[in-house]
Every structure is written in structure tokens, then in C-alpha cells.
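Below is one structure, written out as C-alpha cells; comments come after it.
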Amino acid sequence: MSPISRRHLFLTAAAAVLPRFAGGANPIVRSARPEDLEMPLDGFLEFLTPVDQFFVRSHVYAPHVELSEWNLKVDGIVNQPLTLGMADLKKLPRVEIVSVLECAGNGRSFYEPHMAGAQWKFGAVGNGRWAGVRLRDVLQKAGVKDGAKEILFDGADVPLGKMPDFQRTITLEKCMHPDTLLVYELNGQPLTQAHGFPLRVMAPGWAGDSWVKWLTHIEVLDHEFDGFWMKTAYRHPAKPVAPGTAVDPKDMIPVSDLNVKSVIASPDGWAAPGKVKVQGTAWSNTSPVAKVEVSTDGGQSWKNARLSGAKTKYGWRLWSYHWQAAPGDYKLIARATNEAGISQPLSQEWNPSGYLWNVAQPCAVTISNQRVTAPAERMPETAQPAGYKAACMACHDEGMMRQQRLTQAQWDRELNKMTGWGATMSPEQRAAILDYLAAQFHP
Ligand SMILES: Nc1nc2c(c(=O)[nH]1)N[C@H]1C(S)=C(S)[C@@H](COP(=O)(O)O)O[C@H]1N2
Ligand SMILES: [Mo]
């Protein structure tokens, strides 16, 4: 097979029909410690995502910040370094923007072959009304000097073990955009601890990794930052690669803009025959959603869905389509297109870290008078090997591993990464832990 046709084969396989039933009212706990929570499918029925349903992605434990002791330092190549308290920030004009926040890794669990990382399905995304001040106003107060290249953001969170501190840079151009904010409120309430109290970055249209939480320090740089979370993590290939390829980070570019995307929230796997309301949300990057089309026959024919909910630049749209459904098994697909004319792809390009999943994803729905329910998830039962708890659970719980479906070779690489970040185990323990992980949490 030529490389081209082989790639096509893999791409088609990656877009295979997936069983649904990801629903449920409470956030789905991917990891309890540190906290990674996913919004259930029901969340795609709401215009604004309630704070207690909003997904949480924290690489480490959420720091407890006392507002009375907190301040924001602004320095680097500026005319006037600043130390600002919340009262100082609140003197600047207040700006409110509705925007989607989506993790770059949302949908990672659908990629084949699988890769390590939080195994999100649909809900590492939410739509919020954010309030705060323009980052530009703060930067102009400090006076950015000529030669500024990018801006570094750091939060109050402390790394686990020898893991590198979570620090991210954003281009000067995006920082100076009037819609890039430092926010202190979500949906009319002060940010909660999980979402970055008291202040976080809001970079609308860009993936969540740029939205640094618990912000304490802004540094204007005259060079490209070379920290781990910019130079190694959150990069994806500029050109397509074959699924499973190991790509050198230097041959990849940083993740920035989100992709145009839609999710079907309902029906979730099953509906009774008759009039069925197919509905969900659709969002994009800095180019708003223009239309959503729905297919009930696996992509052979398409109908326009009705868009509803407020039309904002960065928020998601609600959409719905009334379908007269006879008993049978169907493949439903929703496909969003943005104002720039970019549509969701019908097959997904693979990338090594599983970022920016946005294929128009077929979902299987059974129309029947007999209710169809989700199969129960099986949990591993084998006894844990010696040293496993001490080596791994010092920093995080087993939720981190339970989500993964990795090969022995991939687990071997994860163990190298973790020992590099401070996990300690003897060679015998390492061998037993590797066997256990590969046997329990495999593809
Ligand atoms: N300081 C800090 N900021 C952070 C993170 C983090 O671990 N530490 N996680 C980032 C990632 S990867 C995402 S997707 C978003 C998630 O924001 P949320 O938890 O409010 O949904 O926060 C970002 N900001
Ligand atoms: Mo993320």
C-alpha cells in the first residue's frame, strides 16, 4: 500500500462510529487527585455552562489563594514594573465576553492509536460569561518596550515532584487583542478555586492551555520562552503525519486556535420512534459558527439545523433538528461550518498528543420502543504490585491510569517520564509496575 492510501485507511478508521451514552448529570471524574472533571453530555443542551458542571483540567493541585495576600506582578521588558492588587485591577474598565473554553486534549480518547494523557470524550469544554479587564490595558500601564516578542504567564500552582512548573507564553499580537482578558468572574460569580481564583487568562478562540489559572506573574519577554509546557508539551505537527508516528517537538508548532466543532447531546444512544429532536452545540475559534448540518443516514444526505441562543463572537451556538424517526439503527452526524468557510472534517488527522479532535463524528442511535441502556464499565481487579502506591500515588490517584489504554512500550515511556519527574521505585518494582499497568490499562 502506498503511504497515501494507508493514511487514508487509518483516517477512515479513526472516524468509525462510536457508542455514546456519555451522559449523566454530574461531572465525570477522570481524575480526582489532581482534579480533572468532564462535563456530561447534558451540558451541551445549555447556552451557558453552570459553574458546577464546567470541566476542570488541572495538572497539579489547585492552590489555595488568599485574596488579601495575592497580587499580580508585571515585569520583564517594560518601562514600569507593576504590582497590582485586585482593587487596582478593578479600577480598569470591566469587560464581559461570552466564550467557549475547550481543552486542547478534548476528544483525545477517540484517537487510534491511543496516547497517554487525560482521556476526555466530549466534555472538556464549556461556554462561560467571563468578566475582567483587558490584558492590553494592564500591559499599557506597564509600558511594553520595543523588542517584546511574547508574554509569559505563571500561576500560584506548585508542580508535583520534579515536574516542570506550568508556565505558558502567548504571542504579543494575541495579548494586545482587545478581547484577550484577565478575568476574575465566571457567569457573574468570582472564579472558583478550581477555575483559577482570583484571576486567570482568557484567550478566546484559543485552546485552554493558554488560559493560565491562579495568575500571579506576567513577564514580557524579548525572546522565545523555552519551558517544557511550550517547547515539549502542547505542540502538534504542522503537516499531517501517519497515525502512531513519533514526531520530534522541534518539528511541531504550538497549539493555539481551536477547531470548528459540534457535538450531538441528544439523542444519547437511544430514542423512541416518532418526532426526535436532534440537538447540541457548535463552536469555533475566532471565526464564529455559520451553520450546522445534520445527517441521519451516515453522511449520505444533509439538512440544515436551526441555530438558536445568543450569537456571540466566541460563544457556542445551540442547534436543533426535528427528525421523524422510524424504528431502526442509525448513524447521526452533525457538521459545523464557520464564517471563514471551514467545515469539520469527515475524517480526523492523527497527532502524537491527541489534540484538537474535531471530526464530524458519527454516533450510533437506536430508534426503538424498547429502551437501550449503556453497558457497565468494567474495573480492574488484580492486586496492585509492591511499591506501586508509594511510587505513583504520592502525586496522583489511580484515576490517572484507569483512563489510559496504552501498550507495554507506551507504559514504559510513561514510567521513564514519571521517574524523571521524581517517582522512585527499585528495578524489580519497576518491572512489576510495568506489567501491572500494561495488563490492566491496555488498548
Ligand atoms: N496555572 C495553571 N493554569 C492552567 C492549568 C494548570 O494546570 N495550571 N491547566 C490549563 C489547561 S490544560 C486547561 S484546558 C484549562 C482548564 O481550565 P478549567 O479547569 O477552568 O476548565 O486551564 C489551563 N490553565
Ligand atoms: Mo488542557
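Below is a table of values for the structure above.
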{"read-out": "Full-extension gain in nm, R33 to R402, via 0.36 nm per residue minus C-alpha separation", "value": "131.6 nm"}
{"read-out": "Förster radius 56 Å - calculated FRET efficiency between D146 and K275 (Cβ-Cβ, nearest 0.05)", "value": "0.35"}
{"read-out": "Mean Cα-pair separation over length for the chain, i.e. relative contact order, pairs under 8 Å, 6 or more apart, %", "value": "18"}
{"read-out": "The range 269-281 - phi-based ³J(HN,Hα) in whole Hz, Karplus 6.51/-1.76/1.60, Gly and Pro as x", "value": "x, 8, 8, 6, x, x, 7, 10, 8, 8, 8, x, 10"}
{"read-out": "S347 versus V372: modelled label distance in nm, points set 7 Å from Cα along the beta carbon direction", "value": "2.6"}
{"read-out": "Relative packing of 190-196, 46-52, 296-302, 63-69, which averages over residues the other C-beta atoms within 10 Å, highest first", "value": "190-196, 46-52, 296-302, 63-69"}
{"read-out": "Per-selection Rg to Rh, the range 28-254 - Cα, Kirkwood hydrodynamic radius", "value": "0.96"}
{"read-out": "Convex hull projection area averaged over all views, the range 178-302, Cα basis, nm²", "value": "12.9"}
{"read-out": "Order by protection proxy (mean Cβ within 10 Å, highest first), peptides 343-353, 90-100, 221-231", "value": "343-353, 90-100, 221-231"}
{"read-out": "Most fluctuating residue given options D397, D42, D88, as computed from a GNM of the chain linking Cα atoms under 10 Å", "value": "D88"}
{"read-out": "Sites E69 and H442 - FRET efficiency at Förster radius 51 Å, r taken between beta-carbons, to 0.05", "value": "0.65"}
{"read-out": "Karplus-derived HN-Hα couplings along the range 295-312 (A = 6.51, B = -1.76, C = 1.60, θ = phi - 60°), whole Hz, x at Gly and Pro", "value": "10, 10, 10, x, x, 6, 9, 10, 10, 6, 7, 8, 8, 9, x, 4, 9, 10"}
{"read-out": "Charge dipole (debye, nearest 20) of the chain; +1 at Cβ of Lys and Arg, -1 at Cβ of Asp and Glu", "value": "1080"}
{"read-out": "³J(HN,Hα) computed for each position of the range 330-346 - Karplus, 6.51 cos²θ - 1.76 cosθ + 1.60, integer Hz, glycine/proline x", "value": "10, 10, 8, 9, 10, 9, 9, 10, 9, 5, 6, x, 8, 9, 4, x, 8"}
{"read-out": "Whether the range 388-440 is rounded, prolate or oblate, judged on the alpha carbon gyration tensor where a/c under 1.5 counts as rounded", "value": "rounded"}
{"read-out": "Top positive-direction residue, dipole computed over the chain with Cβ charges, set G161, L191, G269", "value": "G269"}
{"read-out": "Debye, to nearest 20: dipole size of the range 256-397, +1 on Lys, Arg Cβ, -1 on Asp, Glu Cβ", "value": "560"}
{"read-out": "Cβ-based exposure ranking for K261, K149, in which fewest neighbours within 10 Å come first", "value": "K149, K261"}
{"read-out": "Amide hydrogen neighbours beyond the local backbone of A62, cut-off 5 Å, H modeled", "value": "E35"}
{"read-out": "Selection from V212, L181, P34, by position along the positive dipole direction of the range 28-254 (Cβ)", "value": "L181"}
{"read-out": "Debye intensity ratio I(q)/I(0), log10, the chain, q values 0.06 Å⁻¹ (C-alpha model)", "value": "-0.27"}
{"read-out": "Long-range amide H partners of A290 with built H, under 5 Å", "value": "T337, N338, E339"}
{"read-out": "Amide proton proximity set for R168, modelled H, under 5 Å, gap of 5+", "value": "F153"}
{"read-out": "Debye equation applied to the C-alpha atoms of the range 261-367, log10 I(q)/I(0) at 0.18 Å⁻¹", "value": "-0.85"}
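Read-outs: derived from the displayed coordinates by stated rules, not from any lab. Everything numeric here is computed off the predicted structure, so don't read it as measured data. Using ideal geometry, Cβ is built from the backbone for each residue, glycine included, and neighbour counts are taken over all protein chains shown.
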